[in-house]
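Worksheet: the structure to be examined is printed underneath.
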Amino acid sequence: MKRATGFRRLVHLAGIVIGIMVFSATAGEAWHERRDGSPPPGNQFLTLSKQSRAGHWTLATAADFRTGQLLAVTIRESPDAVALEGGARIGAYLSAPRRTDFPFNGVAAMWRASHPLGGNLALELRTGDDGATWSNWTRMNVVDQFAGYDVEVSDLILARGSYLQFRVIMARNEGGPSPELYEVALAYLDTAV
């Protein structure tokens, strides 16, 4: 149930993100459409067609998170979450690479996490064509937060590939509580068909 709810939310939000904000394919800078709906001059932009496809990849259980690599983080159960180990001040979770159902040219993310005072959590993504050669890591910038739900939604980034991998970097003040990651959902789009 948790997966379906998260995915529906992500698909809805990805649609909003696509309609409102798009990344420049050359500079990687976000822009908003003009009031008349036209893009700013000089930008390449994503064009959706009736044949566009969307897929998703969600990690939401302790079993899902165990497929990745842990660096000074641990996987908790009840509720299922990734959190910093004992007294660690910084740590990272690295997902296993994931081959997508089809080649994509856009990716957006949604994640549920707690951010206690003095805690920080950042989600980064990289893409590849073959699962061996990867792009540089790209930080998924938050464009929307749902107050009371601990849900964050990223920009849509233009990135081509057939493989996805994400990492989460966590930090906290000395002696403070750890951030906790409960769910990550990535939506990938193919608008080239």
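What to note about this one:
- Qualifying residues in the stretch 48-82 (those that are more than 18 Å from the chain's Cα centre (by Cα) and β-branched (Val, Ile, Thr)) - the one surrounded by the fewest Cβ atoms within 10 Å (Cβ to Cβ): THR74
- Among residues of the stretch 48-77 that are in a loop (DSSP other than H, G, I, E, B) and among the aliphatic types (A, V, I, L, M), those with a Cβ under 6 angstrom from a residue that is surrounded by 15 or more Cβ atoms within 10 Å (Cβ to Cβ) and modelled with pLDDT of 95 or more, sequence gap 6+ or separate chain, pair up as ALA60/GLU183; ALA72/ALA88; ALA72/GLY91.
- Qualifying residue in the stretch 83-91 (condition: under 16 Å from the mean Cα position of the chain (by Cα), in contact (Cβ under 8 Å) with a residue 24 or more places away in the chain and either part of a strand (DSSP E or B) or under 24 Å from GLY55 (Cα atoms) (or both)): no
- For the stretch 98-117, the set of residues classified as more than 15 Å from MET170 (Cα to Cα), surrounded by 16 or more Cβ atoms within 10 Å (Cβ to Cβ) and not hydrophobic (A, V, I, L, M, F, W, C) consists of ARG98, THR100, ASN105, GLY106, listed by residue number.
- Assessment of the stretch 174-182 against the conditions (modelled with pLDDT under 90, crowded, with 16+ Cβ neighbours inside 10 Å, closer than 20 Å to VAL82 by Cα and in contact with a Lys or Arg (Cβ under 7 Å, 6 or more places away or on another chain)) yields no matching residue.
- Meets criteria (of a type in the set (Val, Ile, Thr) and touching a Leu at 6+ places or on another chain (Cβ under 7 Å)) for THR100: yes
- Residue in the stretch 98-131 that is farthest from LEU164 (Cα to Cα), counting only those that are assigned to a strand (DSSP E or B) and of a type in the set (Gly, Ala, Ser): GLY119
The values are calculated or read from the model by the stated rules, or taken from the named source; none is laboratory data. Keep in mind it's a predicted model, so treat the numbers as computed, not measured. Cβ sites come from the backbone with ideal geometry, for glycine too, and all protein chains shown count toward neighbours.
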